[in-house]
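Remarks on the structure that follows.
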Amino acid sequence: NAGVMQNPRHLVRRRGQEARLRCSPMKGHSHVYWYRQLPEEGLKFMVYLQKENIIDESGMPKERFSAEFPKEGPSILRIQQVVRGDSAAYFCASSPILAGGFISTDTQYFGPGTRLTVL
Amino acid sequence: KQEVTQIPAALSVPEGENLVLNCSFTDSAIYNLQWFRQDPGKGLTSLLLIQSSQREQTSGRLNASLDKSSGRSTLYIAASQPGDSATYLCAAPAYSGAGSYQLTFGKGTKLSVIP
């Protein structure tokens, strides 16, 4: 069973360009989380998605950032008009629905991350 | 708002030493606390999860303790090995204010074990 996959692993963009980061959750997982790790900072929660539905985007910057998790295909984190401050590692995690339909933040499995560098 | 602090930020020890990593959190109304390992250029690996009803959890050479009343957790690594070199992250759940609990991470302790 393959783990959480993220691509690309490294992404370089110039200021003003768009960045699209992809996350394929583990097989059978229907919940995806995105985190951002700025240099010398801890991981910060950005957004929590279920297929075709955003559950919690309270950690997402209000402008330029968006996320989706379509019925088919990977989850996408999209950053429009990137600025140097967007340079960071972006991690995706996925979790299954536990017995009884309970969803727990405990059981998050993390991907290797995408390192975004904005020139 | 939950805040998680880890000290020290970096630690270097000779191989074979026992060591303790510290984590403190501001909101003691947590239902669990988790320790992760992060290797350079890689994702996070969950090491230990302590439920609020437990005081400690063990896995091999690792032992994590939780004291909710004082807002502290420690990760004890026995007989350290060079392969233990990594950044260790502590994470506590916090209500996001938008309908879900999410993990709040500390900045981590970067451990180097010298052969």
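The numbers here are math on the coordinates, done by the rules we state, and not lab data. Model, not experiment: these values are computed from the prediction. Cβ: placed from backbone, ideal geometry, glycine included. Neighbour counts: every protein chain shown.
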Taking placed amide H atoms and a strict 5 Å upper bound, the residues 5 or more places from B:A86 or on another chain that come that close are B:L111
Mean other chain Cβ within 10 Å across A:46-53 is 1
Distance in nm between label sites at A:V83 and B:Q81, each 7 Å beyond Cα in the beta-carbon direction? 4.7
Which log10 I(q)/I(0) values, to two decimals, does the protein assembly as shown give at q = 0.12, 0.15, 0.17, 0.18 Å⁻¹ under the Debye formula with one point per Cα? -0.68, -1.04, -1.28, -1.39
By the Kirkwood definition, with r running over pairs of different Cα atoms, the range A:20-119 has a hydrodynamic radius in Å of 13.8
What are the residues whose amide H is under 5 Å from the amide H of B:L48, where those residues sit 5 or more places off or on another chain and H is modelled from the backbone? B:W35
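Between beta-carbons, use under 14 Å as the cut-off and find the net charge around B:V20, counting Lys and Arg +1, Asp and Glu -1.
Around B:V20, the charge tally is -2.
By its C-alpha gyration tensor, with a ≥ b ≥ c as the square roots of the eigenvalues, how is the range B:22-101 shaped: rounded for a/c under 1.5, else prolate for a/b larger than b/c, else oblate?
Cα axes put the range B:22-101 in the oblate bin.
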Hey, what do the phi angles of the range A:30-45 turn into as Karplus ³J(HN,Hα) couplings, whole Hz, using 6.51/-1.76/1.60 and θ = phi - 60°, x for Gly and Pro? 10, 10, 10, 10, 10, 10, 10, 10, 6, x, 6, 10, x, 5, 10, 5
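Run the dipole for chain A about the Cα centre, Lys and Arg Cβ at +1, Asp and Glu Cβ at -1, nothing else charged, and hand back the magnitude in debye, nearest 20.
Taking the Cα centre of chain A as origin, the dipole is about 500 debye.
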